[in-house]
1. Quick check on the exposure proxy: order 328, 31 from fewest to most C-beta atoms within 10 angstrom.
2. Cα axis of helix 164-178 to longest principal axis of the chain: angle in degrees, 0 to 90, nearest 10?
3. Compute the length gained on full extension between residue 381 and residue 178: take 0.36 nm times their separation in residues and subtract their Cα-Cα distance, giving the result in nm to one decimal.
4. Would you please give the FRET efficiency between residue 14 and residue 94, computed as 1/(1 + (r/R0)^6) with r the Cβ-Cβ distance and R0 = 25 Å, to the nearest 0.05?
5. Pick from 73, 346, 136: which residue has the top mean-square fluctuation in a GNM of the chain where Cα pairs under 10 Å get a spring?
6. Any idea what angle helix 55-66 forms with the longest principal axis of the chain, computed on alpha-carbon atoms, 0 to 90 degrees, nearest 10?
7. Could you calculate the contour length gain from residue 22 to residue 241, that is, 0.36 nm times the residue separation minus the distance between their Cα atoms, to one decimal place in nm?
8. Would you calculate a helix-derived [θ] at 222 nm for the chain, using -39,500 (n - 2.57) for each DSSP H run of n ≥ 4 and dividing by the full residue count, to the nearest 500?
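Every read-out reported here was derived from the displayed coordinates using simple, explicitly stated rules and does not represent laboratory data. Computed from a predicted model, the values in this text were never measured in an experiment. Neighbour counts are summed over all protein chains in view; Cβ atoms, including those assigned to glycine, are modelled from backbone coordinates with ideal geometry.
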Amino acid sequence: MSVEPWTTKYRPRTSKDVAGNKTAIEKLRDWVESWSKGRPSKAAVLLYGPAGVGKTSVTEALARERGWDLVEINASDKRSGDILAKVAGLASTQSTLFSKGRLILLDEVDGINLRADQGAVATILQIIKMTQYPLILTANDPWDPKTRPLREACLQIELKRLGVRDGLPLLRNILNQEGVKANDDALRLILDRDRGDIRSILNDMQLLSSRNRSLTVDDIDLLSGRDRTESIFEVLRIIFNSRTTASARRALSISDVDQEMLFQWIFENAPYQIPKPKELEEAMSALAESDLYFGRIKKTQSWHLLSYALDLMTAGVAIAKQTSLSGWVPMRFPQKISSMSRTRSIRDTRKKAAASIGVRSHVSVRRAQQLYFPLLRFIYEHNPDEYERIAVSLDAKEELDDLLSNEMRPPN
Ligand SMILES: Nc1ncnc2c1ncn2[C@@H]1O[C@H](COP(=O)(O)OP(=O)(O)OP(=O)(O)O)[C@@H](O)[C@H]1O
Ligand SMILES: [Mg+2]
C-alpha cells in the first residue's frame with residue numbers, strides 16, 4: 001500500500017490556492033504579468049522566506065496558470081554549474097511567435113556550494129542580465145553573504161511564515177477532505193510549534209491521523225520533547241514499542257548514534273520486531289520514504305528535509321506497529337554496517353597491493369588496478385604456480401592472496 005504524501009496531494013494548483021501572503025503573491029503575479037508589456041527593469045525576483053511556506057509551489061502554480069513551460073533547477077544540486085550553462089541558453093533564446101512562454105526557477109540559491117561551484121553566482125548574474133524570460137530565485141536566507149550580489153540584482157519579495165489566520169483554514173480544509181477531525185486548539189498549537197512550516201505540518205498531521213482519525217492537543221503535544229543519551233538497544237526498544245509519535249521521536253534525541261546508522265539498525269530489526277505483515281509493510285514504506293529523503297539531502301544538501309527523514313524512520317515506524325510481540329526478540333546487528341566495514345578493508349587491501357605493483361612496475365596505483373588486477377585474477381585461477389611467482393616478485397603476495405581469495409568467494 002503506498003500512500004500519497006499530503007504535501008503532493010494538496011500542492012496548490014493555482015497561485016490563488018496558495019494560502020497567506022496575499023500582498024506578496026499579488027506583487028509576484030503583477031511582476032510576472034508585466035512581462036507581457038516587455039522585459040521589466042528587474043528581470044529577476046528573489047523570493048525568500050522560511051521553509052515550507054509555498055515559495056516553490058507559488059512559482060510552479062504561476063507557470064501552470066499561464067500554460068508556460070517551467071524550467072526548474074535546484075541551485076544547490078551538485079552539478080549545478082553544468083546545468084546553469086544550459087539554463088543560460090534557455091533564458092537567452094528569443095521565443096518565436098508560436099512558442100510557449102517560459103518561466104525559469106532557480107530554486108534554493110542559498111544552497112549553492114561555492115567551493116564546488118565557484119562561478120555559480122557570476123553565471124546567475126549573467127543569466128539575470130540577458131534573460132528574455134521571467135526568472136525567479138528562491139532562498140530561505142536572503143542575507144546569506146554569498147548570495148548578496150544576487151539580492152541586489154533582483155526585485156525582492158518576501159513570503160512570511162503562515163500564522164493562524166491563513167494557516168487554520170488551509171489545515172481545516174485538508175483534514176476535512178481526509179475525513180479527519182481536529183479541534184482548532186490543536187491546529188493552532190501545531191502551527192505555532194512548526195513555525196508555520198506547512199510542509200512539516202502536513203507531514204506531521206498525515207502521520208498522526210494514520211492512526212487516529214481525530215486529533216487533539218494531546219496528540220500534537222506528544223510530538224515534541226528532548227532529553228538524555230541511551231544505548232542503541234534502548235533506543236530501538238523505544239522506537240518499536242512506542243505508542244505515540246512523541247516517544248518515538250524522543251528516542252532519537254536520547255540516541256547518540258549517527259542518524260543513518262540508526263536508520264540501518266531500524267531497517268534491519270523491523271522484520272523481527274513487527275510481527276504483523278500488514279504493519280511491517282507500512283513500516284517498510286515509511287523507511288523507504290525516509291531513505292528517499294536521505295538521498296535527496298545528500299545529493300542536494302537540503303538539510304531542511306532532515307526532520308522529515310528522521311520522523312519517518314522513528315515515528316513512521318512506531319505508528320505502523322500496533323501489535324506487540326508475544327515474546328522477547330533480540331535486536332540484530334545491521335548487515336549493511338558489517339558489509340560496509342568488510343568492503344572498506346577490501347578496498348584498503350586493493351590499494352596496498354596496487355601500490356606495491358606500482359612501485360615494481362613503474363605505473364600509477366590506478367593503472368596498476370586497471371591493468372594488473374584482471375590479469376592477475378586470470379592467472380590466479382588458471383595457473384596457481386605462476387601466480388605465486390608473480391605475486392612474490394611484485395612484493396604484494398599477502399595482499400593479493402587476501403584480495404583474490406576474497407573476491408573469488410561468492411557473496412553470502
Ligand atoms: N502557502 C501554502 N498554501 C498551501 N500549501 C502550502 C503552502 N506552503 C506550503 N504548502 C504545502 O507544503 C508543500 C511544500 O511547499 P513548498 O515546497 O512550496 O515550500 P517552500 O517555501 O518552497 O519550502 P523550501 O524553502 O523548503 O523549499 C507544498 O507542496 C504544499 O503542500
Ligand atoms: Mg522550495
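1. 328, 31
2. Roughly 70 degrees between the two axes.
3. 66.8 nm
4. Details: r = 28 Å, r/R0 = 1.14.
The value I calculate is 0.30.
5. In this elastic network of the chain, the residue with the biggest mean-square fluctuation among 73, 346, 136 is 346.
6. 60 degrees
7. Extending this stretch completely gives an extra 74.4 nm.
8. Helices in the chain give a 222 nm mean residue ellipticity of -18000 deg cm²/dmol.
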